[in-house]
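Everything on this sheet refers to the single structure shown next.
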Amino acid sequence: MPTSKTKQAKVTDYNLPDERGHFGPYGGLFVAETLMESIEELKEAYAKYIQDPNFLAELDADLHDYVGRPSPIYHAERLSHETGGAQIYLKREDLNHTGAHKINNTIGQALLAKRMGKTRIIAETGAGQHGVATATVAARLGLECVVYMGAEDIQRQSPNVYRMKLLGAKVVAVTSGSQTLKDALNEALRDWVTNIDNTYYIIGTVAGPHPYPAMVRDFQTIIGRESREQMINKTGRLPDAIVACVGGGSNAIGLFYPFIEDESVSIYGVEAAGLGIETGHHSAPLCAGKPGVLHGNRTYLMADVNGEIIETNSVSAGLDYPGVGPEHSWLKDIGRAEYVSIKDDEALEAFHRLTRVEGIIPALESSHAVAYAVKLAKTMSPDQSVLVNLSGRGDKDIFTIAKLEGIEL
Amino acid sequence: MSRLDECFKSLQLSHQKALIPFITAGDPNADFTLSCMHQMVDAGASMIELGVPFSDPMADGEVIQQASERALANGMSLKGVIDIVKSFRKTNQKTPVILMGYLNPIEFMGYEVFSKAASEAGVDGVLTVDIPPEESADLIEAYARYDIAPIFLLSPTSNESRIKKVSAVAKGYIYYVSLKGVTGAGHLELEHVEQKIRQIKQLTSLPIAVGFGVKNADIAAKIAKIGDGVVVGSALINCITDYVGDERQGQQAISDLLNDMRNAMDSAIQ
């Protein structure tokens, strides 16, 4: 059941982050001096081009012709009917080129890299979606591309590894630490500091040092801007609730941001509860972590009492991250958004349900959002609506699912 | 006068440069670290940088990453590092000790609690890799209450305004990162280091220690001619991993390397 019925806080004149990248006490710029100059350079370039009509026109054209935007909103009638509550709508980011929302951001950052004169792109990836989206834009712009990926994730997500290689990227296996997304991020930062002159680092989520959380958000808000307009066109009003899964939180903030000042819209971020919050084997820093500093920003983290980052657990590689974008930490603290969690088995059930009832195979990440939306819709009336960000398609996950169910492909 | 300032002053009087070994605390265990600290002083170390292991050491190369992993696997923590310093101070009140690590363990302990405990144990300075001056106000305030010197990095890419920003808040010394990269990386270009240090010296009167990529006595001697101190880390940790299971041999190798560096540095500037 949805965890609380408390009314979410009203927010007006929302204008964060501040100049130095702070969302209240969160965010900021926590990196070694060796990276400061590159980050200053990026900050200046971003501030300049995000107001440059030529840059924005090129971005818009690419989003339209190359990514296939706008992505539609789909009324999941059978799922809504079966659920027996509010009407469930899906924002179809799974229909984007490369199959997820990730490309909204990589297109934007790659155009920026090109204008900054960088010839080499690096990225970290967990599930491989961001890696594929990065390799894709690098191929298109003729830029060298190196993707860091935890050795364990390479095992889990071999189809995406092959995709990246087909696209001409070099995939580097990261064997340090827990060999997952956080370690890939560490390794990408080490590469960046070593090759600072010609290299642009495309971070895939709304984490990292300022300006990344704000910049990645800005590139992803296309999701929320379109959704707002589409829901009004389709239903005559705004949705009553919006739901998105949260790993680092880029698809979620992309949906949430344009709705922050809409008091009538409740916002729900869904973290991965893994085997259950109470077991400790989860990836839910907002639900069960505490604030600290990692990867360049202050935010909620999963760490032990000594501040060492602990291993996370989720059936979905894309949610398997011990931190979360700092803006989510702030939205949680001020009570504007509610952060909840969904367990592996609940997400798997939602995966099958959406596939069978609507003919849409969702990514395991997005299945967490679908699972929560169904729970939430049940508590609402049929004249209300819930909009879910279907952030990616599930083709990449069929091997994982088959394996879990003991099926050999 | 603080232990750090006194140390640099007395080095100056004896026409020597600071030799600053770095080892990761708890690699492979706390007892080794403690006895190694004393031996390093005997081998000519002027002060000691003690690495606080962290699960996500973003600015470190493979050698120090693995040292961190070994130390954490053996249960080392920020509190454990402070305890090592406390033990060291029982017989050595003279040699400055600087902790070097990442911010999160300090965040979790709390700035005030950490500063008090570190100061009482005899820590003289703290270098936190992932906190630039812009985010440091609260931390520096806490350090000031307990006479801990905030040590900051400067790098080849630090421009004049950054050098000024860092110099305005740094105490003890400035740690100059000699190359673009992570600890233990590639090779450093002395000419560039010299140029940059000349620029930094025009903007601050703090001593400048140079680290990252100092692999042997020859490089140490050349650095001694241009900076006020030489930091050596990965090369020492390699001595430990070269003799896994034989801690005495590892310690001996560390002492030998430091001895060589001390002699080479001293003859280079005499």
Using R₀ = 30 Å, calculate the FRET efficiency as 1/(1 + (r/R₀)^6) where r is the Cβ-Cβ separation of B:Asp138 and B:Leu203; round to 0.05.
0.75
For B:181-192, what's the mean count of beta carbons from other chains sitting within 10 Å of each residue's beta carbon?
2
Mind listing the phi-derived Karplus ³J(HN,Hα) values for the stretch A:191-206, rounded to whole Hz, using 6.51, -1.76 and 1.60 with θ = phi - 60°, and x for any glycine or proline?
4, 4, 5, 7, 10, 4, 5, 10, 10, 10, 9, 8, 7, x, 9, 7
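Just order A:232-238, A:210-216, A:128-134 by mean Cβ neighbour count inside 10 Å, highest at the front, would you? Don't skip to the answer; put the middle values down first.
Values: A:232-238: 12.3, A:210-216: 26.1, A:128-134: 29.6.
Those peptides, ordered most packed to least, come out A:128-134, A:210-216, A:232-238.
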Rounded to the nearest 10 Å², what accessible area does A:Glu263 have for a 1.4 Å probe in the complete protein model?
90
Once both labels are modelled 7 Å past Cα along the beta-carbon direction, what's the A:Thr355-A:Tyr74 spacing in nm?
1.5
For A:Glu124, distant residues with modelled amide H under 5 Å away
A:Tyr148, A:Gly204
B:Ala168-B:Asp147 pseudo-label distance in nm [points 7 Å out on the Cα-to-Cβ vector]
2.7
What are the ³J(HN,Hα) values, in whole Hz, obtained from phi via the Karplus relation 6.51 cos²θ - 1.76 cosθ + 1.60 with θ = phi - 60°, for each residue of the stretch A:340-356 in sequence order, with x given for Gly and Pro?
10, 9, 10, 7, 3, 5, 5, 5, 5, 5, 5, 4, 5, 5, 5, 4, 7
Accessible area of A:Arg228 in the full protein assembly, 1.4 Å probe (Å², nearest 10)
70
Simple spin-label estimate for B:Gln249 and A:Asp304 in nanometres, 7 Å along Cα-Cβ
3.0
When a/c is below 1.5 the answer is rounded, else prolate if a/b is larger than b/c, else oblate, so apply that to chain A with a ≥ b ≥ c taken from the square roots of the Cα gyration tensor eigenvalues.
rounded
Just counting partner chain Cβ atoms within 10 Å, what average do the residues of peptide B:52-65 show around their Cβ?
6
As a test question: what accessible area, to the nearest 10 Å², does B:Cys7 have when a 1.4 Å probe is rolled over all protein chains in place?
20
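Of A:Trp192, A:Trp330, which has the most accessible area with a 1.4 Å probe, and how do the rest follow in descending order?
Details: A:Trp192 10, A:Trp330 60 Å².
Descending order: A:Trp330, A:Trp192.
Under the definition of Cα pairs under 8 Å and six or more residues apart, what whole-number percent is the relative contact order of the stretch A:277-387?
Here the relative contact order equals 19 percent.
By how many nm would the segment from A:Asp262 to A:Glu278 lengthen if fully extended, with 0.36 nm per residue of separation less the alpha-carbon distance?
Details: separation 16, 0.36 × 16 = 5.76 nm, distance 3.37 nm.
Taking A:Asp262 through A:Glu278 to full extension adds about 2.4 nm, to one decimal.
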Contact order normalised by residue count of the stretch B:1-149, Cα under 8 Å, 6+ apart, percent:
24
Evaluated over chain B, the Cα radius of gyration and Dmax, each in Å:
16.9, 48
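Of A:Asp60, A:Asp191, which has the most accessible area and how do the rest follow, probe 1.4 Å? Numbers along the way, then the final one.
Values: A:Asp60 95, A:Asp191 10 Å².
Greatest to least solvent exposure: A:Asp60, A:Asp191.
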When every protein chain stays in place and a 1.4 Å probe is rolled, A:Phe399, A:Phe30 sorted by accessible area with the largest first are A:Phe399, A:Phe30
Under 5 Å between amide H atoms, partner at least 5 residues away or on a different chain: which partners does A:Tyr89 have, H built in plane at 1.01 Å?
A:Ala76, A:Val386, A:Leu387, A:Val388
Here the gain from full extension of A:Gln51 to A:Asn15, 0.36 nm per residue of separation minus their alpha-carbon distance, amounts to 11.3 nm
Of B:Lys17/B:Lys215; B:Lys17/B:Lys90; A:Lys290/A:Lys332; A:Lys10/A:Lys332, which sit over 19 Å apart, Cα to Cα?
B:Lys17/B:Lys90
For A:Cys145, which sequence-distant residues (separation of 5 or more, or a different chain) have an amide H within less than 5 Å of its own amide H, given hydrogens modelled in the peptide plane?
A:Ile121, A:Lys170
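I need to check one value: relative contact order of chain B, counting alpha carbon pairs closer than 8 Å and at least 6 residues apart, in percent. Write down the numbers at each step before the final one.
Details: 497 pairs, mean separation 57.8, N = 270.
The value is 21 percent.
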Residue-by-residue Karplus 3J(HN,Hα) for the stretch A:12-21, coefficients 6.51, -1.76, 1.60, Hz, glycine and proline x:
10, 6, 6, 8, 10, x, 6, 4, 9, x
In degrees, nearest 10, range 0 to 90: what is the angle between the Cα axis of helix A:53-62 and the longest Cα principal axis of chain A?
60
If you count, for every residue in A:193-199, the Cβ atoms of partner chains within 10 Å of its Cβ, what is the mean?
4
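Beyond 13 Å, what share of the Cα-Cα pairs of the stretch B:160-205 remains, rounded to the nearest whole percent? Intermediate values should be presented prior to the final figure.
Working: 609 of 1035 pairs.
The calculated P(r) of the stretch B:160-205 puts 59 percent of pairs beyond 13 Å.
With n ≥ 4 as the cut-off for DSSP H runs, can you work out [θ] at 222 nm for chain B, using -39500 (n - 2.57) per run divided by the number of residues, rounded to the nearest 500?
Working: 12 runs with 143 residues, N = 270.
Rounded to the nearest 500, the figure is -16500 deg cm²/dmol.
The values are calculated or read from the model by the stated rules, or taken from the named source; none is laboratory data. Note that the structure is a prediction, hence the values are computed from the model and not measured. No Cβ is skipped: glycine too gets one built from the backbone with ideal geometry, and neighbour counts run over all protein chains shown. These area figures cover heavy atoms from the full protein model, side chains too; ligands, DNA and RNA do not enter into them. Shrake-Rupley method; radii C 1.70, N 1.55, O 1.52, S 1.80 Å.
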